[in-house]
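Worksheet: one structure, shown below.
The values are calculated or read from the model by the stated rules, or taken from the named source; none is laboratory data. The shown structure was predicted, so the numbers you read here are calculated from the model rather than taken from an experiment. All Cβ positions, glycine included, derive from the backbone under ideal geometry; neighbour counts span all protein chains shown.
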There are 2 protein chains.
Amino acid sequence: MALNKSPYRGTRDFFPKEMRLRNFIFKKMAEVSELFAYEPYDGPLLEEVDLYLAKSGEELINEQIYSFIDRGERKVAIRPEMTPTVARMVAQIHREVAKPLRWYAIPNLMRYEKPQKGRLREFWQFNADIFGAGQHGEVEIIQLAVTLLRSFGATHEHFEVLVNDRRFVDLVFGELIGLDPVSTKKLYKLVDAKNKMVPEKFSTEVRALTNDENKAKVFEAFVSLKSIDEVKAFATAHLKETEKLQALYSLFEKLYQQGLSEYVKFDPSIVRGLDYYTGVVFEIFDKHPENRRAIAGGGAFANLLQIFNEPALEGVGIGLGEVPLTDFLNAHNLMPDLSRPALDYLIAYLDTASEIQAMELAQKLREQNKKVELYFGEAKPKKVFNYSDKKDITFIIFVSETEIKQRDVKARTEITRTFEEILEGTK
Amino acid sequence: MALNKSPYRGTRDFFPKEMRLRNFIFKKMAEVSELFAYEPYDGPLLEEVDLYLAKSGEELINEQIYSFIDRGERKVAIRPEMTPTVARMVAQIHREVAKPLRWYAIPNLMRYEKPQKGRLREFWQFNADIFGAGQHGEVEIIQLAVTLLRSFGATHEHFEVLVNDRRFVDLVFGELIGLDPVSTKKLYKLVDAKNKMVPEKFSTEVRALTNDENKAKVFEAFVSLKSIDEVKAFATAHLKETEKLQALYSLFEKLYQQGLSEYVKFDPSIVRGLDYYTGVVFEIFDKHPENRRAIAGGGAFANLLQIFNEPALEGVGIGLGEVPLTDFLNAHNLMPDLSRPALDYLIAYLDTASEIQAMELAQKLREQNKKVELYFGEAKPKKVFNYSDKKDITFIIFVSETEIKQRDVKARTEITRTFEEILEGTK
């Protein structure tokens with residue numbers, strides 16, 4: 001029986017034209033990170049499952065993780081996210097190195113998901129983290145993310161950064177609503193699900209959970225907050241411990257000072273499912289009406305190193321998936337056309353005796369950093385033209401025993417050149 | 001209990017200084033491949049186990065593969081090599097595209113090995129393949145590999161390309177020795193193991209296997225061949241079907257014509273364990289007496305697409321592991337020092353009021369493609385100097401309410417500059 005030619009469900013084959021786009025995206029991620037002095041790192045594909053049990057969300061572990069027992073009886077998993085790995089690595093060295101640590105990676109991750117638009121089982125995720133920096137780090141990570149998206153040509157017309165603060169949410173849930181931990185968790189989920197519900201259903205569920213009309217109204221006022229000014233008014237009206245909100249106010253002030261007022265927006269529905277966030281949380285949303293999804297998400301954490309018995313080291317991180325980013329860039333027509341390779345020359349020889357010279361010319365041009373394809377076998381010009389058309393090659397060099405001709409396919413010119421003239425780059 | 005901070009056995013954490021080296025190596029691989037008009041591709045991390053059962057060597061499947069059953073009852077494996085994946089991908093499209101196909105990839109692979117020098121469980125492997133090209137492809141792939149190693153500064157003093165031909169080996173084993181398939185396989189293994197044995201043991205085993213003194217002598221003559229000229233003499237003396245050897249002779253001739261005579265050498269011990277090779281096979285060996293190992297290996301195959309019920313498409317491939325390559329480069333002192341990041345500027349502000357301006361300057365410089373680190377918080381010059389020393393930063397910009405100063409740490413100069421002068425790049 002013939003084998004299946006398709007890739008495993010939820011994974012992709014990257015043929016050259018897709019791979020060039022992936023490389024284009026990854027190169028921008030690396031370049032922009034390095035402009036911000038973030039340094040590259042990577043960790044192993046497999047980690048022991050315990051690492052994820054300690055910090056990742058429940059859904060990730062129970063339903064989405066690819067885990068198995070290895071031949072040495074260890075329970076391991078293919079990494080479903082990068083944060084536990086980076087925490088493990090930082091735990092090894094944070095006592096000895098100058099802080100802050102600014103790191104980025106573009107790992108491949110796997111999650112057992114039902115494949116759908118924007119979600120696959122294998123995907124790459126850009127991760128940038130800063131450790132040991134506090135609020136400066138929050139500003140910088142958001143700035144980095146905005147700069148990255150702008151580097152693709154996207155602007156505030158295409159995306160927005162929705163920001164919230166776990167400390168604010170905790171204050172509202174604790175001080176004003178005061179439910180037991182289980183109901184509080186359900187309330188979190190309700191906030192997260194709000195935009196996918198009709199208002200009546202949301203209203204009913206809020207009342208079922210709070211069991212108190214006044215609390216329900218405060219909660220509804222909270223989830224309706226639309227700007228940092230409205231947060232301030234809400235806090236003045238309802239909250240006692242407003243000093244805990246200064247960090248959020250000051251974050252917005254700094255982001256505005258950096259010219260990001262058109263990008264950042266307060267949004268109470270951003271709570272982030274992962275357990276490790278303890279401060280500011282944010283998501284970057286596509287503004288396209290037909291692609292209204294999160295491209296990236298992140299936030300501040302205080303205790304990532306605790307599970308390694310290391311002293312607390314605060315940090316801020318962002319994760320940006322290459323799948324939603326690609327959908328975003330496509331939705332706004334920001335993806336370049338890389339369907340064909342960029343070659344400098346196609347070299348063909350018209351008689352077998354000229355093969356050596358053609359190969360030598362190819363190799364000499366490569367030494368000059370020219371991308372050169374050698375056309376194999378005695379060439380028939382017509383076939384060569386057909387081939388160069390398919391590959392969108394502009395310059396063809398025909399080598400024969402009597403002469404070397406350089407053809408500019410687009411200009412439809414053909415000039416006799418010496419070996420040396422070609423190496424001198426005369427086009 | 002605190003969690004383990006070490007990576008899973010046989011895998012590595014790439015901290016920035018190691019990651020920069022990895023990036024340096026991968027970048028060369030991509031650049032040199034593209035100079036030869038090879039196009040990038042990638043496949044999934046997981047494949048169905050059947051794909052490997054069909055083509056990979058037995059040892060790989062039985063002892064080294066990371067396989068498990070997924071949540072949907074599919075038997076999958078983390079890729080232990082890339083060739084089956086590339087064959088699967090080519091099988092999908094080869095009927096429609098212009099040939100030859102020149103492709104390269106740098107996938108991460110996993111094998112359950114006992115970790116040792118030059119071998120790890122997780123590693124990256126450069127793969128370059130050409131499909132639909134015959135002998136031209138063999139020459140090109142070897143040329144590409146030599147060019148790649150030369151791009152790191154290595155020469156024929158550091159490495160050699162050992163070449164053999166499966167067709168020649170089959171002729172010797174079939175025509176001259178004529179054993180049953182099981183003994184033939186053992187003979188192959190014996191060739192492979194020759195250099196690890198004392199001559200007496202080898203001699204005894206040859207006689208035990210062939211059970212014929214004349215055959216044993218011919219076999220010993222075969223394994224002692226040291227050059228293509230010796231092959232010719234041996235063939236004339238012993239073989240009938242010498243026309244099958246023309247391809248090997250002509251390959252050497254072409255490689256010599258391309259100036260590779262100091263790099264390539266005939267070696268009868270190169271047979272390659274993998275089942276799919278059918279023609280020329282080769283390995284690239286480190287010449288360093290203390291690191292005498294293969295850096296890369298490859299060969300020609302005729303039938304990779306057969307398992308997908310596709311018509312035959314011949315090809316040539318090479319695999320080059322990043323672990324042996326790194327050992328090779330280190331053994332010959334060819335690895336650059338990338339222990340510190342390359343930053344253009346460190347910007348520090350001496351009073352909180354100047355933070356906005358410092359951030360603005362940082363962002364403007366980044367727009368000019370400058371790598372800029374912002375020093376967080378009101379800076380004490382002495383602390384900034386300590387920090388810049390650790391990171392090997394040459395230029396520090398101090399921003400204060402009264403002035404902007406640019407310090408060249410190496411030249412020990414400090415000059416007052418305007419915001420605009422700095423943006424104009426005056427150093």
Of everything in the stretch A:372-385, what is surrounded by 11 or more Cβ atoms within 10 Å (Cβ to Cβ) and free of Cβ contacts under 8 Å to residues at least 24 places away in the same chain? Give them in sequence order. A:Phe376, A:Gly377, A:Lys380, A:Lys383
So which of A:Thr326, A:Thr278 ends up being assigned to a loop (DSSP other than H, G, I, E, B) and surrounded by 17 or more Cβ atoms within 10 Å (Cβ to Cβ)? A:Thr278
Would you check which residues across the stretch A:255-275 are of a type outside the set (A, V, I, L, M) and either touching a strand residue (DSSP E or B) at 6+ places or on another chain (Cβ under 6 Å) or surrounded by 19 or more Cβ atoms within 10 Å (Cβ to Cβ) (or both) and list them? A:Gln258, A:Tyr263, A:Lys265, A:Phe266, A:Asp267, A:Pro268, A:Arg272
A:Phe395 in the same structural domain as A:Tyr349 (by TED's automatic domain parsing) and under 26 Å from B:Ile130 (Cα atoms): yes
Can A:Ala77 be described as in a helix (DSSP H, G or I), assigned by TED's automatic domain parsing to the domain that holds A:Gly319, closer than 19 Å to A:Phe308 by Cβ and at pLDDT 95 or above? no
Taking the stretch B:348-371 as the search range and keeping residues that are among the aliphatic types (A, V, I, L, M) and at the interface with another protein chain (Cβ under 10 Å from one of its Cβ atoms), which one is surrounded by the most Cβ atoms within 10 Å (Cβ to Cβ)? B:Ala362
Can you tell me which of (1) in the same structural domain as A:Trp103 (by TED's automatic domain parsing); (2) touching a residue at least 12 places away in the same chain (Cβ under 8 Å); (3) surrounded by fewer than 21 Cβ atoms within 10 Å (Cβ to Cβ) is the one A:Ile318 doesn't meet? (3)
Search result, residues across the stretch B:33-57 that are closer than 30 Å to B:Arg150 by Cα, assigned to a helix (DSSP H, G or I) and at the interface with chain A (Cβ under 8 Å from one of its Cβ atoms): B:Glu34, B:Leu35
Positions within the stretch B:224-259 being aliphatic (A, V, I, L, M) and either within 14 Å of chain A (Cβ to nearest Cβ) or in contact with a Ser or Thr (Cβ under 7 Å, 6 or more places away or on another chain) (or both), in sequence order: B:Ala235, B:Leu251, B:Leu255
Scanning the stretch A:129-158 for residues that are more than 13 Å from every other protein chain (Cβ to nearest Cβ) and buried (at least 23 other Cβ atoms within 10 Å of the Cβ), the one farthest from A:Glu290 (Cα to Cα) turns out to be A:Ala145
From the list B:Phe308, B:Phe328, B:Phe376, which residue is away from every other protein chain (no Cβ under 12 Å) and not polar (S, T, N, Q)? B:Phe328
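Okay, residues lined up against (1) farther than 26 Å from B:Leu109 by Cβ; (2) surrounded by 21 or more Cβ atoms within 10 Å (Cβ to Cβ); (3) of a type in the set (Gly, Ala, Ser):
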position	(1), (2), (3)
A:Val32	yes, yes, no
A:Phe36	yes, yes, no
A:Ala54	yes, no, yes
A:Tyr66	no, yes, no
Could we say that A:Val182 is assigned to a helix (DSSP H, G or I), within 28 Å of A:Phe252 (Cβ to Cβ) and among the β-branched types (Val, Ile, Thr) here? no
Within the stretch B:1-30, take every residue that is within 7 Å of chain A (Cβ to nearest Cβ) and in a helix (DSSP H, G or I) and give me the one that is surrounded by the fewest Cβ atoms within 10 Å (Cβ to Cβ). B:Asn23
Looking for something surrounded by 15 or more Cβ atoms within 10 Å (Cβ to Cβ), over 33 Å from the mean Cα position of the chain (by Cα) and in contact (Cβ under 8 Å) with a residue 60 or more places away in the chain - is there at least one such residue anywhere in the stretch B:288-299? no
What number of residues in the stretch A:164-215 are hydrophobic (A, V, I, L, M, F, W, C) and surrounded by fewer than 14 Cβ atoms within 10 Å (Cβ to Cβ)? 5
Would you check which residues across the stretch B:70-101 are of a type in the set (D, E, K, R), more than 9 Å from chain A (Cβ to nearest Cβ) and under 26 Å from the mean Cα position of the chain (by Cα) and list them? B:Arg79, B:Glu81, B:Lys99
Kindly establish whether A:Ile106 is without any contact (Cβ under 8 Å) to a residue 60 or more places away in the chain and more than 7 Å from chain B (Cβ to nearest Cβ). no
Here are some residues: A:Ala145, A:Ala154, A:Ala193, A:Ala208. Which one is of a type in the set (A, V, I, L, M) and not in a helix (DSSP H, G or I)? A:Ala154
Qualifying residue in the stretch B:295-313 (condition: within 27 Å of B:Val218 (Cα to Cα), in a loop (DSSP other than H, G, I, E, B) and in contact with a helix residue (DSSP H, G or I) (Cβ under 9 Å, 6 or more places away or on another chain)): no
For the stretch A:361-377, enumerate the residues that are closer than 17 Å to B:Gln135 by Cα and of a type in the set (Asp, Glu). A:Glu373
Can you tell me which condition A:Glu113 does not meet? The list is (1) assigned by TED's automatic domain parsing to the domain that holds A:Tyr277; (2) surrounded by fewer than 24 Cβ atoms within 10 Å (Cβ to Cβ), and all the others hold. (1)
